[in-house]
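A short write-up of the structure that comes next.
The values are calculated or read from the model by the stated rules, or taken from the named source; none is laboratory data. Predicted model, so just to flag it, every value in this text is computed and none were measured. Glycine also receives a Cβ, built like all others from the backbone with ideal geometry; neighbour counts cover every protein chain displayed. The protein model used for the area step is the full one, side chains on, heavy atoms only, and it has no ligands, DNA or RNA in it. Shrake-Rupley method; radii C 1.70, N 1.55, O 1.52, S 1.80 Å.
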Amino acid sequence: MILIAVEYPLAPEHKYPIPIEEAFSETNYVLNNQEKYDLNIDLNRIVLAGDSAGANIATVLSNKFRFINENLPMLQVLINPPTQYFNMLLPSMIKYASIENFMPRSKMILWHLGIGHVKNIQEDFLLRNYHTLLIDEHFREKLKSYTDVNLIPEGYRNGFGYYESYDKLKNLVYPQKIIDHEKNLDENFKIALKQLFNIDVSPGLADDELLKKQPKTFMIISEQDTRKDEGLIYAQRLSNNGVQVDIALYDNVFHTSFFYPEETNHPMRGDIVSFLKKNL
């Protein structure tokens, strides 16, 4: 097995789309110029993998290779993937928001857009889903269907009270109008936020025709993670479109647990190895 780790430039100094473009161009270049690096890669057995932001990029790259129809991945391994930035009020995001106090996901998302000095009012605008009102109603309704909590299989919802209580909050998830914030935020900020609906940022918002072309997927999900629900929703959308998806959901672990197997006592790494041995 040959492992290639792509070092892409980080936000906010390098805003979207620079990290995506660099990761794609570097990966594609290495695959198309193996002889320069004395590699012998079987292009029929490519695996794209990543953790957190890396999982998001791996998913985006899978789409991009489909568009150019070369170096198509055979498999993808997605560890706690952020798949969409449309609905910032999914049940797991509300339940586990306090875990992210040291590094709020809202701030990291805005960094991705090149907003280095994030203001509280900007984070609030995003976390209240006001950004969903920046697009037309038809597009908004389509993206709502792509992030519908009901896509999460009952087996992953049963026994968790925060899904039951979420039903009572549904009317608050998507605001009908922007209150108080409109006059305090400039147009450049709103234009930047619209990029969050691009599938190169939110691959989970891709249409079904593109999802049908995705490779077999191994999805690692952590229970105590705000990204839990978007991962499960994306996995179900893939499955609904004929893609084989294996899900491993781990209790009592958090977003970055992959890097702490001893401390959190989980078998993530071994499970990935088993998946690759079975499917490569």
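Out of the total accessible area of the chain (probe 1.4 Å, heavy atoms of protein only), what percent is carbon and sulfur?
That fraction is 50 percent.
Provide Rg over Rh for region 1-90; use the alpha carbon set for both Rg and the Kirkwood Rh (inverse mean inverse pair distance).
0.99
GNM, the chain, Cα, under 10 Å: largest mean-square fluctuation among Ile20, Ile199, Ile121?
Ile121
Full extension from Phe139 to Leu31: what is 0.36 nm times the residue separation minus their Cα-Cα distance, to one decimal in nm?
Result for the pair: 35.3 nm of gain on full extension.
Identify the chymotrypsin sites (Phe, Trp or Tyr not before Pro) of region 47-108 meeting these criteria: DSSP loop state and at most 15 other C-beta atoms within 10 Å of the C-beta.
Sites meeting the loop and neighbour criteria: Phe102.
Give the share of C-alpha pairs in each 5 angstrom bin for the chain, from 0 to the last occupied bin, in whole percents, shortest bins first.
Once binned at 5 Å, the Cα pair distances of the chain give 1, 5, 12, 16, 18, 18, 14, 8, 4, 2, 1, 0.
Given only helices, namely DSSP H runs of n ≥ 4 each adding -39500 (n - 2.57), what is the per-residue ellipticity at 222 nm of the chain, to the nearest 500 deg cm²/dmol?
Here the helix-only value at 222 nm equals -11500 deg cm²/dmol.
So what's Rg/Rh here for region 89-247, counting alpha carbon atoms and using the Kirkwood radius for Rh?
0.95
Simple spin-label model, 7 Å along Cα-to-Cβ: Ala5 to Leu43 in nm?
Result: 2.7 nm between the two label points.
As an exercise, use a Förster radius of 41 Å and the Cβ-Cβ distance of Asn265 and Glu70 to find the FRET efficiency, rounded to the nearest 0.05.
The calculated FRET efficiency here is 0.50.
Stick to Cα atoms and the Kirkwood definition of Rh, then tell me Rg/Rh for region 57-165.
Ratio of gyration radius to Kirkwood radius for region 57-165: 1.00.
When the chain is treated as a GNM, springs tying every alpha-carbon pair under 10 Å, which of Glu35, Glu100, Glu13 comes out with the largest mean-square fluctuation?
Judging by the Gaussian network model, the answer is Glu35.
Treating only the Cβ of Lys, Arg, Asp and Glu as charged (+1, +1, -1, -1), what charge dipole size does region 1-151 show about its Cα centre? Round to the nearest 20 debye.
Dipole size: approximately 460 debye.
Quote the charge dipole size of the chain about the Cα centre in Debye, to the nearest 20; the model charges only the Cβ of Lys and Arg (+1) and of Asp and Glu (-1).
Roughly 420 debye for the chain.
Residue by residue through region 236-245, what is 3J(HN,Hα) from phi via Karplus (6.51 cos²θ - 1.76 cosθ + 1.60, θ = phi - 60°)? Round to whole Hz and write x for glycine and proline.
Values per residue, Gly and Pro as x: 5, 5, 4, 4, 4, 9, x, 8, 6, 10 Hz.
Hey, could you grab the Kirkwood Rh for region 230-280? Inverse mean 1/r over distinct alpha carbon pairs, Å, one decimal.
After inverting the mean inverse Cα-Cα distance, the result is 12.5 Å.
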